[in-house]
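Enquirer: If you scroll down you'll find the structure; I have some questions about it.
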């Protein structure tokens with residue numbers, strides 16, 4: 001089956017000469033959740049803006065649902081819902097009216113039952129008659145999501161959707177995201193909360209300097225780039241690593257009071273017992289042992305810093 005979004009060699013250079021995107025290629029499958037990670041200025045918002053038809057590309061092609069986003073703008077835009085970073089809403093309009101109006105903007109007939117369902121799913125039903133200026137920042141962001149879902153899109157872009165949202169509302173939003181995925185909606189999100197991407201995404205993409213560094217299934221990425229670290233607190237400080245331990249690649253830290261060993265998780269089951277046996281054979285005393293598995297955030301930082 002063809003991907004719902006297909007990006008081929010996409011580039012964008014602004015009038016200032018800034019190269020925001022450099023030959024990005026990516027296929028996004030229908031019904032998946034893709035988390036796009038990258039530092040500020042990496043090209044995330046430019047990429048989303050081109051797919052949504054807000055910004056024109058300098059080169060390359062984007063297809064959504066089999067339609068070219070430049071040639072078939074109306075067809076592709078009707079398939080896409082966008083939740084932008086900025087809280088851009090009419091402050092003197094009611095929640096019900098602004099969400100209903102968004103549906104009409106996309107050429108869809110009025111459907112009060114659908115609008116009611118969206119507002120209830122986002123815990124906005126009791127606020128439907130409130131003007132937007134009366135809502136909290138977190139509630140306004142939920143209204144943006146409701147507006148994006150008003151015309152029943154097949155692809156939903158969430159650009160930093162939980163920025164400025166408290167923990168309770170954030171968890172509620174991700175529950176909504178999971179329900180949308182279960183209904184077949186494809187979701188692409190950018191976020192600074194890497195733990196959320198680690199929890200909810202099917203695949204992770206990392207972009208930096210306008211270049212897509214990688215796109216991997218989350219589990220495969222953790223296996224491929226994850227590390228396990230063993231930290232051994234010594235009973236007596238060392239000045240150098242004993243020769244018998246040098247083959248393990250251990251390092252001394254904490255002014256010689258701690259031995260640190262990094263290894264791939266797949267090798268940890270055999271390597272760590274071997275290291276501990278070597279410590280005992282050398283007569284090295286230790287009083288505490290701790291292990292730590294690298295997180296998605298560790299991998300992200302390593303990739304971004306390595307790509308600079």
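The values are calculated or read from the model by the stated rules, or taken from the named source; none is laboratory data. Since we're looking at a predicted model, the values are computed, not measured. Glycine gets a Cβ as well: all are built from the backbone with ideal geometry, and neighbour counts include every protein chain shown.
Enquirer: From (1) more than 20 Å from residue 153 (Cα to Cα); (2) without any contact (Cβ under 8 Å) to a residue 40 or more places away in the chain; (3) crowded, with 19+ Cβ neighbours inside 10 Å, pick out the condition that doesn't hold for residue 57.
Expert: (2)
Enquirer: Kindly indicate which of 61, 85 is part of a loop (DSSP other than H, G, I, E, B) and under 28 Å from the mean Cα position of the chain (by Cα).
Expert: On the way: 61 fails: part of a loop (DSSP other than H, G, I, E, B).
Matching residue, one of 61, 85: 85.
Conditions tested, residue by residue: (1) modelled with pLDDT of 85 or more; (2) within 28 Å of residue 153 (Cβ to Cβ).
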residue	(1), (2)
192	no, yes
196	no, yes
200	no, yes
224	no, no
229	no, no
235	yes, no
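Enquirer: Could I ask something else about it? In the stretch 262-271, is there at least one residue being outside any strand (DSSP E or B), at pLDDT 80 or above, out of contact with any helix residue (DSSP H, G or I) (no Cβ under 6 Å at 6 or more places or on another chain) and not assigned by TED's automatic domain parsing to the domain that holds residue 32?
Expert: Initial filter on the stretch 262-271 (outside any strand (DSSP E or B)): 264-271.
From what is left, the residues that are at pLDDT 80 or above are none.
Checked against the condition, which is being outside any strand (DSSP E or B), at pLDDT 80 or above, out of contact with any helix residue (DSSP H, G or I) (no Cβ under 6 Å at 6 or more places or on another chain) and not assigned by TED's automatic domain parsing to the domain that holds residue 32, the stretch 262-271 yields no hits at all.
Enquirer: So residue 54 passes all but one of these: (1) at pLDDT 90 or above; (2) more than 25 Å from the chain's Cα centre (by Cα). Which condition number does it fail?
Expert: Status for residue 54: all satisfied but (2).
Enquirer: Output the residue which, of all residues in the stretch 224-261 that are in a strand (DSSP E or B) and within 26 Å of the chain's Cα centre (by Cα), is nearest to residue 27 (Cα to Cα).
Expert: Taking the stretch 224-261 as the starting set, the residues that turn out to be in a strand (DSSP E or B) are 228-234, 251-253, 258-261.
Those left that are additionally within 26 Å of the chain's Cα centre (by Cα): 228-229.
Working: 228: 31, 229: 34 Å.
Once the filter is applied, the top-ranked residue is 228.
Enquirer: Scan the stretch 209-223 for residues that are over 17 Å from residue 188 (Cβ atoms) and not in a helix (DSSP H, G or I) and jot them down.
Expert: 209, 210, 211
Enquirer: Something else: Tell me, yes or no, whether the stretch 74-82 has at least one residue that is surrounded by fewer than 22 Cβ atoms within 10 Å (Cβ to Cβ), under 27 Å from residue 305 (Cα atoms) and in contact (Cβ under 8 Å) with a residue 24 or more places away in the chain.
Expert: The answer is no; no qualifying residue exists.
Enquirer: Pick from 303, 276: which is outside any strand (DSSP E or B) and at pLDDT 80 or above?
Expert: Details: 303 fails: at pLDDT 80 or above.
That would be 276, the only listed residue that is outside any strand (DSSP E or B) and at pLDDT 80 or above.
Residue by residue, here is whether (1) closer than 17 Å to residue 179 by Cβ; (2) in a strand (DSSP E or B); (3) without any contact (Cβ under 8 Å) to a residue 60 or more places away in the chain; (4) within 21 Å of the chain's Cα centre (by Cα) holds:
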site: 99; (1), (2), (3), (4): no, no, yes, no
site: 110; (1), (2), (3), (4): no, no, yes, no
site: 114; (1), (2), (3), (4): yes, no, yes, no
site: 119; (1), (2), (3), (4): yes, no, yes, no
site: 123; (1), (2), (3), (4): yes, no, yes, no
site: 142; (1), (2), (3), (4): yes, no, yes, yes
site: 153; (1), (2), (3), (4): yes, no, no, yes
